[in-house]
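Report on the structure given below.
The values are calculated or read from the model by the stated rules, or taken from the named source; none is laboratory data. Values in this document were obtained by computation on a predicted structure and should not be read as measured data. Heads up, the Cβs are rebuilt from the backbone with ideal geometry, glycines too, and the neighbour counts pull from every protein chain shown. To get the accessible areas, we keep the full protein, side chains included, count just its heavy atoms, and leave off ligands, DNA and RNA. Shrake-Rupley method; radii C 1.70, N 1.55, O 1.52, S 1.80 Å.
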Amino acid sequence: MGMQNQGPAGRGTTAWRQDRVPAVRLAGLRKSFGQLAAVDGVDLEVPQGEFFTMLGPSGSGKTTMLRLIAGFEQPDSGVIELAGADVTRKPPYSRDVNTVFQDYALFPHMSVLENVEYGLRVRRVPRAERRSRANAALEIVRLPGLGGRKPVQLSGGQRQRVALARAIVNEPEVLLLDEPLGALDAKLRQEMQLELKRIQREVGITFIYVTHDQEEALTMSDRLAVFDRGQIEQLGTPVQVYEQPATDFVAGFIGISNVLERGGRRFTIRPEKICLLADGEQPPTGSHIEQGRIDDVIYLGSATRYQLTLSGGGQLTAVRQNTQDAVAGTLGAAGQTIGVAWREDQAYEIAGRRRGAAASADDLAPAGQRPVRHEGRERG
Amino acid sequence: MGVRLDADHRVKGGRSVTSTMPREGRPAPDRPSPGMAGRGSARISAALWRRTWLRATLTLSPPLAWFLVIYLASLLVMLVTAFWSVNPFTNALEHTWTLANFRELFTGTYLSIIGRTIAMAAIVTVTDAVLAFPVAYYMARIATQRGRQLLFTAVLLPLWASYIARVYAWIVILQKDGTLSWFFDKIGVGPVNIGYSNVAMWLVFSYIWLPFMIAPIYAALERIPDSLLEASGDLGARNWRTVRSVLLPLALPGFAAGSIFTFSLTLGDFITPLLVGGANSNFIGNVIYANIGTANNLPFAAALAIVPIVIMICYLLGARAAGAFRSM
Ligand SMILES: Nc1ncnc2c1ncn2[C@@H]1O[C@H](COP(=O)(O)OP(=O)(O)O)[C@@H](O)[C@H]1O
Ligand SMILES: [Mg+2]
């Protein structure tokens, strides 16, 4: 759908910039509330058209990040650029950014259509064009014909869509979404995840999406940043962040992870990459093999989870798919000892806690296993 | 409006469907079987639980009865009295039906009194709305918690002092040789004399009813979530536009509630016109008062007293038609 080309200010003329100028560039961004550093030195570049996610636990500074970009908060220091222009000191109304608020923030005294038209009306877009663009936006979010209703007459999912339509109708450079699915039930949330991806593809707007749900972040994002205490712990594609967590924190926050120490080096390895050896079974070539005692066996349906204590020291969680030739329980019960193997190239070396040991992370990592969190900076 | 009704119905319907009280004849099995009296009271409470309206009626009926007897009955007596007359020679009440009192209301003298009263009530209401909004806005959206408490106390403080004392304070300020005149004299404007005039009444009314306007506007403004104002700015609206398109419409119920106070209180007041009024300051209130006291014409006083009631009914209907209570 050619949303961008409908308005007179379509971005066709700026297409040449798409590879060069990122939609958002943040440099040295800091924001404190009293003693607490909510955003503690963030550098980030988000290229145009990307679905970018900020993932982190509650209180890690994600909302503050969005509020800084939208202009609701002023940074203590640092620079915010939108499409190459410095907007650090500009008020929200002169930034080409729109926000989908967590509570939707629909104007209760206006109809759905009036809500969607609001941004265009404020910018003095002529009435006829306003109407047609608002209706097009309502169509994109699959709510045609509901324009006359008031927000109180809508369900949670419908309000969510109106909030989205109200933002995308302005064709902003960047769309900010603060846990937009947080208030929806699980089934609706999954449905809306797919919808959001579709809408983002259709309108081609850069999305900066905030969530604390790691599964949501992995399924939706082109790239994501994992936040902890106001800093970016790791930046990369979902595959990179999941398969090669750069720090203990990332490894622990995304999925179940195993952190082991062998020969003074710390590794992480995902539970499903671990091979449990039944009697006489041979491990794949290039594997590291140890003995482990089964502490617990947890049947999950499609898979079985094993909690193990390794002879070489440390705890380990392994997950084994219950395929035809690997039926649940065939490996033995708690208390038994079995062979545990993993391929050397699937164990990733990690730094200690990033804070305080920041410089050592790159030095320690062997080539090819370099933590990917500097990727953004290298692009710029 | 329609929505709200729908929502109410849904809630009510839901409650009766999901009611977990045992039906008659099926007591909860895990409870020890109560005696006759116990079972009876359980039954009554179950019936009450299911019939929301019955509960509401029983709870409300004592105050409702009180309201009916005291309030409506006295209104009714007044209405009836308005159709009687007074014998001009004996001053005795004559219980014969007549429309003479109402006819007299529509003569020039009384029409101009009614018009003056409505105009004063309207001007005072507008003045208070204009004065109250910035104060309420500051209290609700800018002041710190502590500042808000201080301001709220400051706004309500005058209500603890006697009405008469406050009006007299204004007389001291406004009268010839008063504080205001002295001040203007000092700064070289020369003495002013606005005591005992309609201007004086406008000032005094506006001052006295101001808290009744600030409080509801404050309550309305405080309820507006920050995110709505941020969303407006986010969508490109400058501050003034946000005030006009989001803040004021959402504060409208507060203005409506406040204006009902200021308008009706001004319409019915008789003390301020008596104390501060001048040559052209006959208002509905003090004319009623004069007819009860000096003139001893109770029927005409009653007819005149119906006027503010009718005006307020029109005012409320008008406000409702204008949508002032829609988001209440
Ligand atoms: N306006 C504020 N005043 C004081 N502290 C704040 C304010 N906004 C956020 N914080 C604090 O900053 C930290 C980060 O908050 P936030 O950005 O909301 O995190 P997240 O969205 O990741 O949960 C939290 O500890 C929060 O308490
Ligand atoms: Mg948040």
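Residues of region A:212-227 that are modelled with pLDDT under 95 and within 16 Å of ligand 2 (Cβ to nearest atom): A:His212, A:Asp213, A:Gln214, A:Glu216, A:Ala217. Pairs linking a residue in region A:58-86 that is within 14 Å of chain B (Cβ to nearest Cβ) and over 17 Å from A:Leu175 (Cβ atoms) to a residue that is more than 8 Å from ligand 1 (Cβ to nearest atom) and open to solvent by 50 Å² or more (accessible area, probe 1.4 Å), with Cβ atoms under 9 Å and 6 or more positions apart or on different chains, are A:Gln74/A:Arg89.
Of a type in the set (Val, Ile, Thr) and within 16 Å of ligand 2 (Cβ to nearest atom): does that describe A:Val250? Spell out the reasoning first.
Numbers: of a type in the set (Val, Ile, Thr): yes; within 16 Å of ligand 2 (Cβ to nearest atom): no.
Criteria not met by A:Val250.
Looking only at region A:137-163, filter to residues that are open to solvent by less than 20 Å² (accessible area, probe 1.4 Å) and small (Gly, Ala, Ser); which one of those is farthest from A:Tyr93 (Cα to Cα)?
At the first step, the residues of region A:137-163 found to be open to solvent by less than 20 Å² (accessible area, probe 1.4 Å) are A:137-138, A:140-141, A:143, A:147, A:151, A:154, A:157, A:160, A:162-163.
Those left that are additionally small (Gly, Ala, Ser): A:137, A:147, A:157, A:163.
Details: A:Ala137: 21, A:Gly147: 25, A:Gly157: 27, A:Ala163: 17 Å.
Filtering first and then ranking leaves A:Gly157.
Taking the conditions exactly as written (within 16 Å of ligand 1 (Cβ to nearest atom), out of contact with any Lys or Arg (no Cβ under 7 Å at 6 or more places or on another chain) and within 14 Å of chain B (Cβ to nearest Cβ)), does A:Leu176 satisfy them or not? Spell out how you get there, then give the answer.
On the way: within 16 Å of ligand 1 (Cβ to nearest atom): yes; out of contact with any Lys or Arg (no Cβ under 7 Å at 6 or more places or on another chain): yes; within 14 Å of chain B (Cβ to nearest Cβ): yes.
Considered against the rule, which asks whether it is within 16 Å of ligand 1 (Cβ to nearest atom), out of contact with any Lys or Arg (no Cβ under 7 Å at 6 or more places or on another chain) and within 14 Å of chain B (Cβ to nearest Cβ), A:Leu176 comes out as yes.
Take the conditions open to solvent by less than 20 Å² (accessible area, probe 1.4 Å), touching a Phe, Trp or Tyr at 6+ places or on another chain (Cβ under 6 Å) and within 14 Å of another protein chain (Cβ to nearest Cβ) and apply them to B:Gly236. Does it pass? For B:Gly236, the condition - open to solvent by less than 20 Å² (accessible area, probe 1.4 Å), touching a Phe, Trp or Tyr at 6+ places or on another chain (Cβ under 6 Å) and within 14 Å of another protein chain (Cβ to nearest Cβ) - is met. Selection of region A:17-58 for residues being part of a strand (DSSP E or B), over 19 Å from A:Leu82 (Cβ atoms) and open to solvent by 30 Å² or more (accessible area, probe 1.4 Å) yields A:Ser32, A:Phe33, A:Leu36, A:Ala37, A:Asp40. Here A:Asn98 fulfils each of the conditions (1) free of Cβ contacts under 8 Å to residues at least 60 places away in the same chain; (2) in a strand (DSSP E or B) apart from (1). Checking every residue in region B:267-286 against the condition of being at pLDDT below 95, within 30 Å of A:Leu175 (Cα to Cα), touching a helix residue (DSSP H, G or I) at 6+ places or on another chain (Cβ under 9 Å) and open to solvent by 10 Å² or more (accessible area, probe 1.4 Å) gives zero matches. Would you pick out the residues in region A:63-79 that are away from ligand 2 (no atom under 13 Å from the Cβ) and more than 21 Å from the chain's Cα centre (by Cα)? Scanning region A:63-79 gives A:Gly71, A:Gln74, A:Pro75, A:Asp76, A:Ser77, A:Gly78, A:Val79.
Which of the residues spanning region A:87-97 are polar (S, T, N, Q) and either open to solvent by less than 40 Å² (accessible area, probe 1.4 Å) or away from chain B (no Cβ under 11 Å) (or both)?
Just the residues of region A:87-97 that are polar (S, T, N, Q), to begin with: A:88, A:94.
The one that is polar (S, T, N, Q) and either open to solvent by less than 40 Å² (accessible area, probe 1.4 Å) or away from chain B (no Cβ under 11 Å) (or both): A:Thr88.
A single entry from B:Ala220, B:Ala200, B:Ala215, B:Ala231 fulfils the requirement of being away from chain A (no Cβ under 14 Å), under 25 Å from A:His109 (Cα atoms) and part of a helix (DSSP H, G or I): B:Ala215. For region A:101-123, filtering for residues that are farther than 16 Å from A:Pro151 by Cα and either open to solvent by less than 50 Å² (accessible area, probe 1.4 Å) or more than 10 Å from chain B (Cβ to nearest Cβ) (or both) leaves 3. When region A:292-312 is filtered for residues that are in a loop (DSSP other than H, G, I, E, B), open to solvent by 40 Å² or more (accessible area, probe 1.4 Å) and farther than 21 Å from A:Arg262 by Cα, the ones remaining, listed by number, are A:Leu300, A:Ser302. Checked against (1) of a type in the set (D, E, K, R); (2) over 22 Å from A:Thr211 (Cα atoms); (3) part of a loop (DSSP other than H, G, I, E, B), A:Glu73 meets all criteria but (2).
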